[in-house]
Amino acid sequence: MENGNIKIETKNINAFYGEKKVLHNIDLQMEANTVTAFIGPSGCGKSTFLRLLNRMNDYIDGFRKEGDVLINGVDIYSKNTRIEELRKQVGMVFQKPNPFPKTIYENVVYGLRIQGIKDKQKLDAAVENSLKRSALWNEVKDDLQKNALSLSGGQQQRLCIARTLAVEPSIILMDEPASALDPISTAKIEELIYELKQDYTIVIVTHNMHQAGRVSDKTAFFLSGDLVEYNDTKAIFTSPKDQRTENYITGKFG
Amino acid sequence: MKKEKIIEGFLFACAAITLLTTIGIIWVLLSQSFSFFKEVSVWDFLTDTQWTPLFADKHFGILPLLTGTLLITVIAMLVALPLGLTIAIYLNEYAPKGFRKVVKPLLEVLAAVPTVVYGFFALVVVTPMLQKLIPGLSGFNALSPGIVMGIMIIPFISSLSEDALYSVPKSLREASYGMGATRLQTAFRVLLPSASSGILASIILAFSRAIGETMIVAIAAGQQPRLTLDPTVPIETITAYIVQVSLGDVPHGSLEYRTIFSAGLALFVFTFLLNNISFWINKKYRQEYE
Ligand SMILES: Nc1ncnc2c1ncn2[C@@H]1O[C@H](COP(=O)(O)OP(=O)(O)O)[C@@H](O)[C@H]1O
Ligand SMILES: [Mg+2]
């Protein structure tokens, strides 16, 4: 792996909820403009690890981590990092669509409004741009003032992606973004991920192995808080090196 | 089987007593007011700018009492609303969990202090303090009991609003943080709007409590019905007037005596309207947000 391309790097990550240790010594390097998938059975620590990358665990009582997370070579847990700036760089899409109970328009411009941007033209442009990139524009362009909660689940999730894109991050973290959606919406989201990879570094958690196979370039397999295997997705699915990986992808457990 | 019948009967009796009491109250208010309005025209009652039933030159205009009530209530809300909401946001977003657990019940004690105590507090502590700041302030005035009442009703707003904020789904918070929002931005742009119906309910409750409050104003506002919005002079509220007459030596059955029922009816209609308006606002708001 050439070092110049490393976007995200974790070193010796251990994570704890209270006394319980849920991640053991995770070292991982993720490349720019690739899609990295985290797979593994439920409860193995995928979400915890993902949320370390934008410090979303910071507000959880009793959470503690050891080790470093570097993004563009910079330690994001250092005293000099402003957490708000970090999160503008590292956007996040959650498992359940979570649009605000506001209009579609206001959802998309939320991240810009909190940056103090008021210029109507700028906001309008951002709305159109982001909704186009999240493949939602054609469906909603005539009712931007409609409440976001009136959209279908799949549309809501694409709106959440649009909202994240509007902030112009360079990394997008997705925690099982399609697990609450129907197959057609899921296919749309997967297609979208494929498109977005041109411009973004994407990390996606999924416990759907086929999805990992379809959308990702690299795959990391987690089991009970350990990183068991990390490799090109193709290699993981065709010639896993670890017996446990093979067991998992052939459906012997999990 | 028999036991169940007894319990059923008991429950029915409880319900019936509540209902009958309500009907009884309304009946007394209406019938007494009816004989009042045989002697005083409704028009005078609603438009006359003086309320002097106990003087030789009698006037029966409810407006001074109504403005007095509103004035004090508004002052109380001006104190309670910003403080209550700030406390709610602080407890919900910033305070450590243990702190929240201790402070919330402590705050609720504020609402449990007997109102007589607040009344004297307003009269002998707050008013003299305010007089140092505002030289023209009378010994009895609307400002001091208004402020003290505001403090009393803080927990209505802070506690219920905090509950409402607490019940906003974590996923909405995280969505906001995830786009680079600070905690304060999240509180104002996501939590408050999402919790709006609960917060509105808390405001309504605090408002009703303030309107119905009697002792504080009876003690510290002076008992002078006066049509004014000036908070520095003595005024009287509807409830304070009712207390004044009930405790005084006005003969039962006289016209003077019946004024308390007409004033009570006015208060009843007033709060009834307020409740309906707020109910309506609440419903409208809910539709927008859910
Ligand atoms: N907020 C929390 N408090 C305590 N334990 C937690 C919390 N979140 C997750 N865990 C525990 O940490 C482990 C990893 O969870 P998670 O990262 O959510 O796994 P995954 O996303 O792979 O399903 C699980 O055992 C889970 O029970
Ligand atoms: Mg998870």
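The values are calculated or read from the model by the stated rules, or taken from the named source; none is laboratory data. All values reported here derive from a predicted model rather than from experimental measurement. Neighbour counts run over all protein chains shown; Cβ positions are idealised from the backbone, glycine included.
Some notes on this structure:
Let's see how each residue does on (1) in the same structural domain as B:GLY68 (by TED's automatic domain parsing); (2) without any contact (Cβ under 8 Å) to a residue 24 or more places away in the chain; (3) of a type in the set (Phe, Trp, Tyr); (4) crowded, with 24+ Cβ neighbours inside 10 Å:
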{"position": "B:LEU123", "(1), (2), (3), (4)": "yes, no, no, no"}
{"position": "B:ILE134", "(1), (2), (3), (4)": "yes, no, no, no"}
{"position": "B:PHE140", "(1), (2), (3), (4)": "yes, no, yes, no"}
{"position": "B:SER144", "(1), (2), (3), (4)": "yes, no, no, yes"}
{"position": "B:VAL148", "(1), (2), (3), (4)": "yes, no, no, yes"}
{"position": "B:SER158", "(1), (2), (3), (4)": "yes, no, no, yes"}
{"position": "B:SER161", "(1), (2), (3), (4)": "yes, no, no, yes"}
{"position": "B:ARG183", "(1), (2), (3), (4)": "yes, no, no, no"}
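- Near pairs, Cβ below 9 angstrom, 6+ apart or cross-chain, from region A:194-222 (within 14 Å of chain B (Cβ to nearest Cβ)) to any residue that is within 16 Å of ligand 2 (Cβ to nearest atom) and at pLDDT 95 or above: A:VAL203/A:THR36; A:VAL203/A:ALA37; A:VAL203/A:PHE38; A:VAL203/A:LEU50; A:VAL203/A:LEU53; A:VAL203/A:LEU173; A:VAL203/A:MET174
- Test: A:GLU168 is on the phi > 0 side of the Ramachandran plot, surrounded by fewer than 19 Cβ atoms within 10 Å (Cβ to Cβ), more than 16 Å from ligand 2 (Cβ to nearest atom) and of a type outside the set (A, V, I, L, M, F, W, C): yes
- Checked against (1) farther than 30 Å from B:PRO234 by Cβ; (2) away from chain A (no Cβ under 14 Å), B:TYR118 passes all but condition (1).
- Test: residue in region A:60-69 that is within 14 Å of chain B (Cβ to nearest Cβ), within 15 Å of ligand 1 (Cβ to nearest atom) and in a strand (DSSP E or B): yes
This table checks each residue for (1) more than 16 Å from ligand 2 (Cβ to nearest atom); (2) part of a loop (DSSP other than H, G, I, E, B).
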position: A:ARG51; (1), (2): no, no
position: A:THR81; (1), (2): yes, yes
position: A:MET92; (1), (2): no, no
position: A:PRO97; (1), (2): no, yes
position: A:GLU106; (1), (2): yes, no
position: A:GLY111; (1), (2): yes, no
position: A:ILE117; (1), (2): yes, yes
position: A:ALA125; (1), (2): yes, no
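- Scanning region A:172-184 for residues that are surrounded by fewer than 20 Cβ atoms within 10 Å (Cβ to Cβ) and either part of a strand (DSSP E or B) or more than 16 Å from ligand 2 (Cβ to nearest atom) (or both) gives A:ASP182, A:PRO183, A:ILE184.
- Check on A:MET56, within 14 Å of another protein chain (Cβ to nearest Cβ), surrounded by 22 or more Cβ atoms within 10 Å (Cβ to Cβ) and within 18 Å of the chain's Cα centre (by Cα): yes
- None of A:ARG158, A:ARG87 is out of contact with any strand residue (DSSP E or B) (no Cβ under 8 Å at 6 or more places or on another chain), surrounded by 21 or more Cβ atoms within 10 Å (Cβ to Cβ), more than 10 Å from chain B (Cβ to nearest Cβ) and basic (Lys, Arg) except A:ARG158.
- Subset of region B:163-181 (residues that are in contact (Cβ under 8 Å) with a residue 12 or more places away in the chain and part of a helix (DSSP H, G or I)): B:ASP163, B:ALA164, B:LEU165, B:TYR166, B:LEU172, B:ARG173, B:ALA175, B:SER176
- Taking (1) away from chain B (no Cβ under 14 Å); (2) more than 21 Å from B:LEU172 (Cα to Cα); (3) touching a residue at least 40 places away in the same chain (Cβ under 8 Å) in turn, A:ALA126 satisfies each apart from (1).
- Residue under evaluation A:ASN33, criteria (1) away from ligand 1 (no atom under 16 Å from the Cβ); (2) among the polar types (S, T, N, Q); (3) in a strand (DSSP E or B), criterion not met: (3)
- Filtered residue count, region A:1-22, keeping only those that are over 18 Å from the mean Cα position of the chain (by Cα) and part of a strand (DSSP E or B): 10
- Looking across B:ARG258, B:ARG226, one residue alone is touching a residue at least 60 places away in the same chain (Cβ under 8 Å), part of a helix (DSSP H, G or I), charged (D, E, K, R) and away from chain A (no Cβ under 14 Å). It is B:ARG258.
- Checking A:GLY18 against (1) within 13 Å of ligand 2 (Cβ to nearest atom); (2) within 14 Å of chain B (Cβ to nearest Cβ), the condition it does not meet: (1)
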